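J.: A single structure is presented below for examination.
The values are calculated or read from the model by the stated rules, or taken from the named source; none is laboratory data. Here the structure is a predicted model, which means the values were calculated and not measured. Every residue, glycine among them, receives a Cβ derived from its backbone with ideal geometry; neighbour counts consider all protein chains shown.
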Amino acid sequence: MDTKTLKKIKDELNKQGLFLEKIVFTFLLEGGEFEVRREEPYSGCTSESFEGTIDVLAVYKINDGLLACLPIECKKADPEQKCWVFERRETSEEPTFPFDYYESFGSKINYKKNIFFPSLGYHGMKFFDRAIQSFEFNEATGIIDRNSQKGRRPYYALKQSNEAVSSFIDERRERVCEIAGVEKNQVDILFIPLVVTTANLYTLDYKPKDIGWDGGVPINKLNLEEKKWLHYEFPLPYSLRARNGGGLGPVKRPSFIVNANDFSTFISGIIKDCKRYIL
């Protein structure tokens, strides 16, 4: 292989998510708090079957009766598409959606558990970001990527993490227990879907009264707030909604998107809050 081709291969490898996935895995492995696996397979057998692999599966033993399961999708942003912008739900027509908390007693999801994370800035349910839409922009030009796949990169990354959650709730819960070294159905499990990205994260802030009927908002009324991480209400298709006592769970699932530079701080906050577990 000539030097020019070798350099091109190395450049292209750096554009992939391989090294981001490896550093996330290594950080969790060396930290000693989590049992971690890479490229963990998942599948779901509903009317719309799905399958795939999650980049990193991290399982944390909070205490003898409770685990936290974090399916982590690592998404390295295109070097020229590094701004992910999220619109938040400001109204209260829907409550903040609960995390999936599996209770071994009764073998069901308990959606009455109110879980929040003060170490991450979420001191109560009303403090969650409640992001509902995502957009990806070119950092240099500010132009949105209109490619249906690339432009929805945040959504597809979140979808993969949420597919893994649905699988580990309904189909492969025993695998989570096996990784943690505990007996099946003897522990509760808190599921937290997560995306780690090199993209810069922003939430969109504006007032509905400032929207013109032509669909625009004056530039001086449109603000972007940079975030280290944010909470997203991922819309669940029928195939991913958890079966709970014969019925279907909530139509959206809380998920987190984290900037890679702040991943260690985020994980420290998760561990801290899980240890003193707030219900």
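J.: For region 177-200, enumerate the residues that are in a strand (DSSP E or B) and in contact with a helix residue (DSSP H, G or I) (Cβ under 9 Å, 6 or more places away or on another chain). Walk me through it before giving the result.
T.: Residues of region 177-200 in a strand (DSSP E or B): 188-191, 194-197, 200.
I189, L190, F191, L194, V195, V196, T197 - these are the residues of region 177-200 that are in a strand (DSSP E or B) and in contact with a helix residue (DSSP H, G or I) (Cβ under 9 Å, 6 or more places away or on another chain).
J.: Moving to a separate point now. Which residue, of R172, R253, R241, is among the charged types (D, E, K, R) and under 23 Å from F135 (Cα atoms)?
T.: Details: R172 fails: under 23 Å from F135 (Cα atoms); R241 fails: under 23 Å from F135 (Cα atoms).
None of the others qualify; the one that does is R253.
J.: While we're looking at this one, here's another question. Can you find a residue that is touching a His at 6+ places or on another chain (Cβ under 9 Å), part of a helix (DSSP H, G or I) and either modelled with pLDDT of 85 or more or of a type outside the set (A, V, I, L, M, F, W, C) (or both) anywhere in region 130-148?
T.: Keep residues of region 130-148 that are touching a His at 6+ places or on another chain (Cβ under 9 Å), which gives 130-131.
Checking the rest, the ones that are also part of a helix (DSSP H, G or I) come to none.
No, region 130-148 contains no residue that is touching a His at 6+ places or on another chain (Cβ under 9 Å), part of a helix (DSSP H, G or I) and either modelled with pLDDT of 85 or more or of a type outside the set (A, V, I, L, M, F, W, C) (or both).
J.: Have a look at L240, L248, L230, L201 and point out the one that is in contact (Cβ under 8 Å) with a residue 60 or more places away in the chain and closer than 18 Å to I169 by Cβ. First the steps, then the outcome.
T.: Values: L248 fails: in contact (Cβ under 8 Å) with a residue 60 or more places away in the chain; L230 fails: closer than 18 Å to I169 by Cβ; L201 fails: closer than 18 Å to I169 by Cβ.
Going through L240, L248, L230, L201 in turn, just one is in contact (Cβ under 8 Å) with a residue 60 or more places away in the chain and closer than 18 Å to I169 by Cβ: L240.
J.: Among (1) more than 22 Å from S166 (Cβ to Cβ); (2) in contact with a strand residue (DSSP E or B) (Cβ under 9 Å, 6 or more places away or on another chain), which single condition is K75 missing?
T.: K75 satisfies every listed condition except (1).
J.: Same structure again: Here's a check for you: in region 111-124, which residue that is loosely packed, with under 15 Cβ neighbours inside 10 Å and of a type outside the set (D, E, K, R) is modelled with the lowest pLDDT?
T.: Kept after step one, since they are loosely packed, with under 15 Cβ neighbours inside 10 Å, are these residues of region 111-124: 112, 114, 118, 123-124.
So of that shortlist, the ones also of a type outside the set (D, E, K, R) come out as 114, 118, 123-124.
Details: N114: 80, P118: 94, H123: 91, G124: 87.
Checking each candidate, the answer is N114.
J.: Next question. L201 - would you say it is surrounded by 18 or more Cβ atoms within 10 Å (Cβ to Cβ) and in contact with a Ser or Thr (Cβ under 9 Å, 6 or more places away or on another chain)?
T.: Numbers: surrounded by 18 or more Cβ atoms within 10 Å (Cβ to Cβ): yes; in contact with a Ser or Thr (Cβ under 9 Å, 6 or more places away or on another chain): no.
Criteria not met by L201.
J.: From the residues in region 212-248 that are buried (at least 18 other Cβ atoms within 10 Å of the Cβ) and touching an Asp or Glu at 6+ places or on another chain (Cβ under 7 Å), which one is nearest to L190 (Cα to Cα)?
T.: Checked region 212-248; the qualifying residue nearest to L190 (Cα to Cα) is A242.
J.: Scan (1) touching a residue at least 60 places away in the same chain (Cβ under 8 Å); (2) in contact with a helix residue (DSSP H, G or I) (Cβ under 8 Å, 6 or more places away or on another chain); (3) assigned to a loop (DSSP other than H, G, I, E, B) for the single condition C74 breaks and write down its number.
T.: (3)
J.: Within region 166-176, work out how many residues are acidic (D, E) and either touching a strand residue (DSSP E or B) at 6+ places or on another chain (Cβ under 7 Å) or part of a loop (DSSP other than H, G, I, E, B) (or both). If you could, list the steps in order and put the result at the bottom.
T.: Let us first name the residues in region 166-176 that are acidic (D, E), namely 170-171, 174.
From what is left, the residues that are either touching a strand residue (DSSP E or B) at 6+ places or on another chain (Cβ under 7 Å) or part of a loop (DSSP other than H, G, I, E, B) (or both) are 170-171.
Matching residues across region 166-176 total 2.
J.: Taking region 149-170 as the search range and keeping residues that are at pLDDT below 90 and under 27 Å from S104 (Cβ atoms), which one is surrounded by the fewest Cβ atoms within 10 Å (Cβ to Cβ)?
T.: For region 149-170, the residue satisfying everything is D170.
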